[in-house]
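The values are calculated or read from the model by the stated rules, or taken from the named source; none is laboratory data. What you are looking at is a predicted structure, and each value in this text was computed from that prediction instead of being measured. Glycine also receives a Cβ, built like all others from the backbone with ideal geometry; neighbour counts cover every protein chain displayed. Each accessible area value is taken on the protein alone, full model and side chains, heavy atoms only, with ligands, DNA and RNA left out. Shrake-Rupley method; radii C 1.70, N 1.55, O 1.52, S 1.80 Å.
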Amino acid sequence: MRGGEPNDSGLSKLGKDVVKEMNRLGIAVDLSHVGHKTSWDAIEVSDRPCIFTHANPIAMAPVARNKSDELVKFCVSKGGVIGPKHMIGNMTDKLAEETTVQDYVNMIDYWVNLVGIDSVTIGTDFSGTVTGLAEADAQINMIRAMSPNAYVGKRCKPKGFDRIDGLFNVTRGLVKLGYTDEDIAKIYSLNMRRALGEIWK
């Protein structure tokens, strides 16, 4: 959890009311930065799809910010979508500096195998500014100064996807795994468009 809360206590009554008001106003409920119980409560109470715009599988690395298969399946069962986080660092089982675009592609493939092609998207959280470890460390120090208990870990963008034009390499990786043009269109835009259409209606 980004805020470093010691207990994942779930949503309070006020929190549930906030989710309902977000539904009424057409505001997306993005659960990328909250714990398992809080996410579960939000999905349960929400009348619209919830989304994980940037979250990786806990099965691939036991990191608090990563999401369980059970939780993601529940989210998808109510129309939600999941996208792997781009700044992967130790959100995987590898050292930050060893991660590559293939690790990112593998996370897309993991989620697709878990919940199907219609519920996976490209993860956001791409600032376009932080590339190497030095820049990432500077950002981490800034976050720690603002929130000493925040989970930040050692992170950097994967080799081959450190800039937005690295999406071409993601596409190549998906094609090598057998994904079709239709599949890739769903992952890159159509799945999120469908979910947001239900949220904003």
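In region 79-119, the qualifying residues are those that are charged (D, E, K, R) and at pLDDT 90 or above, and the one that is most open to solvent (accessible area, probe 1.4 Å) is D118. Pairs linking a residue in region 94-115 that is among the acidic types (D, E) to a residue that is open to solvent by 20 Å² or more (accessible area, probe 1.4 Å), with Cβ atoms under 8 Å and 6 or more positions apart or on different chains, are E97/L133; D103/K94; D109/L177. Taking region 29-116 as the region of interest, the helices (runs of 4 or more DSSP H) fully inside it that hold 3 or more residues being over 23 Å from Y188 (Cβ atoms) are 36-45, 69-77. Looking across region 16-36, the residues that are modelled with pLDDT under 95 and more than 18 Å from V120 (Cα to Cα) come down to V34, G35, H36. Taking region 156-191 as the range and being open to solvent by less than 70 Å² (accessible area, probe 1.4 Å) and either basic (K, R) or more than 20 Å from the chain's Cα centre (by Cα) (or both) as the test, the residues that pass are K157, G178, Y179, T180, K186.
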